[in-house]
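Engineer: Sending over a structure as structure tokens; questions will come in a sec.
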Amino acid sequence: MNNIHFTHKQHAHCESGVTSNLLGYKGLKISEPLAFGIGSGIFFGHLPFLKIGGTPGTTFRTWPGAIFKRVTAALNIRVHTEKFKSPEKAMQALDAALEKGYPVGMLSSVYYLPYLPEAFRFHFNAHNLVIYGKENGHYLVSDPVMEHATTISAEDLAKARFAKGTPEPNGFMYYIEELSKEPDIKTAIEKGIKKTAWYMLSPPVPWFGNNGIYTLAKKLREYPKKLTPRQASLYLGNIIRMQEEIGTGGAGFRYLYAAFLQEAGELLKREELQEFSRELTAIGDQWRNFAYSAARIMKARQTDVISYDQLSDLLINCADKEKDFFKRIRKLNWLA
Amino acid sequence: MDVNDVPQDPKDFKEGDKLHKLVYATDKDGKYVGVNSAGWEAENVAMKQAWDAVESDLLETKLKVISGELSPIAFFMQNCLMDIALVAKYVGKWQWQVRRHMKPEVFARLDNAVLNVYAQTFNISKEELINFGKQDQVST
């Protein structure tokens, strides 16, 4: 087997982290925030009718695989992506790619990754990691949320790649074949910002983008009336976890996106992007305030209508500010 | 969030303190940098609650298996943090079939092939699956 000298670097979010590390291996320095912004990683969705593990689904990110796909497309990079019908074929293809010297990114379920602390191991099937070698039957893993590189047995990795549920990874794997000669990072940034604003503002349904935040705020008001105290508390807990657990960089990706805008402002020499970055940082602080208040209500087992109304108001405030934020960022003049 | 405000509240359950995740925060010049965080109280409370709910459900189900209301499949399903829909996908059955297999009288008649598929899904041996709750039953 070829020796792949892969440099593991810890990141906040798995997919932007994997993308940054894979590009870095090929010699293209794209920081995690840049990968996250170019890939339009920030998004929102609240689906009251889709119960995952008994609680309504809430997401603060775009769908799995989108960041890698968008970043490599925007930078004109040739990639190989593949899904599989069986674990055997998926593992053979992985070995073959490693043999050719490619570090390989893939989707996995955190439930089947024994190197993660048990506290984090729920059935979450959209986790990205890189496999960069094989030693004594164990695969070498660069998992961006971990501080250091680690290893995993072939059996566990196969299970993680073929976990069932929503979504199903189906052994999905990807690697970079060849970089383009002169990737146009500036245009990629511009397109990334436009796409993000579009996804946040345009979906004409109440569950996605900025609209989704209002939907969640509306639902929150109903919790004390429609749910048992235990359910209400679990629903609330799930929102906090989606917003704050590993992979979000805190405040549901707001800080990560603000870091992107700051770096974009430096690269493009545009002061107004720095201003947008500062603004989003402040909005991120409000999201944290929401999570903090929600946790307090949860812990005190408060089930009165007033607490949930106040919580809903905090959320509406975040939604209002972001609506205005994305409307203005969408109007940026890029010809300058 | 200022780098000095990055929370360092330890996650003192289920090895949670083994991982110090990276978060982005602003330094004194307002520049974003990555900082490791041990965890945040709000997040820890939410995560702990999710685990406590799992454990209290598990205890309840265990008692139901011992008293003969449910088959061991109900217990191991929850022990693996699964629901009926997910178990059905793993064992290749319909949800109504899995629901039936949770009845002790139906479970007792399942053939070895089906029991093996369940045992594999729950990452235990067939014997562990069949015998769960029986010892307790004798002693109580």
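Laboratory data are not the source of any read-out in this text; all were calculated from the coordinates shown. As the structure is a prediction and not an experimental result, all values here were calculated from the model. FYI the Cβ positions are ideal-geometry reconstructions off the backbone, even for glycines, and counts take in every protein chain you see.
Engineer: In chain B, with Lys and Arg counted as +1 and Asp and Glu as -1 at Cβ, which of these residues, B:131, B:56, B:82, has the Cα nearest the positive end of the dipole, that is, farthest along it?
Structural biologist: Of B:131, B:56, B:82, it is B:131.
Engineer: In whole percent, what relative contact order does the range A:186-330 give with Cα contacts below 8 Å and a gap of six or more residues?
Structural biologist: 34 percent
Engineer: Something else: For the range B:36-93, what is Rg from Cα atoms divided by 2.2 N^0.38 Å, rounded to two decimals?
Structural biologist: That ratio works out to 1.45.
Engineer: How big is the antiparallel share of DSSP beta bridges in the protein assembly as shown, given as a percent to the nearest 5? Could you put the intermediate results ahead of the total?
Structural biologist: On the way: 34 of 36 bridges.
If we restrict to bridges inside the protein assembly as shown, about 95 percent are antiparallel.
Engineer: A further question on this structure: Starting from the 7 Å offset along Cα-to-Cβ, what nm value, one decimal, do you get for the label separation of residue A:320 and residue B:28?
Structural biologist: Result: 3.7 nm between the two label points.
Engineer: Per-residue Cβ counts within 10 Å, from other chains only, averaged over A:234-241: what number is that?
Structural biologist: 4
Engineer: Oh, and also: What does the charge dipole of the range B:51-139 about its Cα centre add up to, to the nearest 20 debye, if the Cβ of each Lys and Arg holds +1 and the Cβ of each Asp and Glu holds -1? Write down the numbers at each step before the final one.
Structural biologist: Numbers: 10 positive and 11 negative charges, 88 e Å.
The calculated dipole for the range B:51-139 is roughly 420 debye.
Engineer: Pull out a ≥ b ≥ c, the square roots of the eigenvalues of the alpha-carbon gyration tensor of the protein assembly as shown, then state rounded if a/c is under 1.5, prolate if not and a/b is larger than b/c, and oblate in the remaining case.
Structural biologist: Working: a/c = 2.06, a/b = 1.29, b/c = 1.60.
Judged from the Cα gyration tensor, the protein assembly as shown comes out oblate (a/c at least 1.5, b/c at or above a/b).
Engineer: Peptide A:287-294: average number of partner chain Cβ atoms within 10 Å per residue?
Structural biologist: If you average over the peptide's residues, the count of other-chain Cβ atoms is 3.
Engineer: Additional query: Which residue, chosen from A:290, A:249, A:235, occupies the Cα position most advanced towards the positive end of the dipole of the range A:203-336, where the dipole is computed from +1 (Lys, Arg) and -1 (Asp, Glu) charges on Cβ about the Cα centre?
Structural biologist: With unit charges placed on the Cβ atoms, the residue in question is A:235.
Engineer: Another question about this same structure. 7 Å from Cα along Cα→Cβ at both residue A:187 and residue B:52: what's the point-to-point distance in nm?
Structural biologist: The answer from the label model is 5.5 nm.
Engineer: Which ordering of A:14, A:318, B:80 is given by a fewest-first count of other beta-carbon atoms within 10 Å? Intermediate values should be presented prior to the final figure.
Structural biologist: Values: A:14 25, A:318 21, B:80 16.
By the 10 Å Cβ count, ascending: B:80, A:318, A:14.
Engineer: Take every DSSP beta bridge whose two residues both sit in chain B, then give the antiparallel share in percent to the nearest 5.
Structural biologist: On the way: 6 of 8 bridges.
Close to 75 percent.
Engineer: Further question on the same structure: Average partner chain C-beta neighbours within 10 Å, per residue of B:43-56?
Structural biologist: 6
Engineer: Going by C-beta contacts inside 10 Å, put B:48, A:186, A:218 in order with the fewest on the left.
Structural biologist: On the way: B:48 18, A:186 12, A:218 15.
Ascending Cβ contact count within 10 Å gives the list A:186, A:218, B:48.
Engineer: Moving to a separate point now. Quick one: Karplus J couplings for the range A:316-326, per residue in order, coefficients 6.51, -1.76, 1.60, θ = phi - 60°, nearest Hz, x for Gly and Pro?
Structural biologist: In residue order, the calculated couplings are 4, 4, 4, 5, 4, 5, 6, 4, 4, 4, 6 Hz.
Engineer: Which aspartates and glutamates does residue B:89 reach when only Cα atoms under 15 Å apart count, and residues fewer than 8 places away in its own chain are ignored?
Structural biologist: In chain and number order, the partners are A:168.
Engineer: At a Cα cut-off below 19 Å, give the lysines reachable from residue A:194, other chains included and same-chain residues fewer than 8 away excluded.
Structural biologist: Excluding near neighbours in sequence, the set is A:69, A:186, A:269, A:321, A:323, A:327, A:331.
Engineer: Something else now. Which value, in debye to the nearest 20, describes the size of the charge dipole of the range A:272-322 about its Cα centre when Lys and Arg Cβ atoms bear +1, Asp and Glu Cβ atoms bear -1, and nothing else is charged? All intermediate terms of the calculation are to be shown ahead of the outcome.
Structural biologist: Details: 6 positive and 9 negative charges, 89 e Å.
Rounded to the nearest 20 debye, it is 420 debye.
Engineer: Could you run the Karplus curve 6.51 cos²θ - 1.76 cosθ + 1.60 with θ = phi - 60° over the range B:39-52 and give me ³J(HN,Hα) per residue in whole Hz, x for Gly and Pro?
Structural biologist: x, 10, 3, 4, 5, 4, 4, 5, 5, 4, 4, 4, 5, 4
Engineer: With the contact rule set at Cα under 8 Å and sequence spacing of 6 or more, what percent relative contact order holds for chain A?
Structural biologist: That works out to 21 percent.
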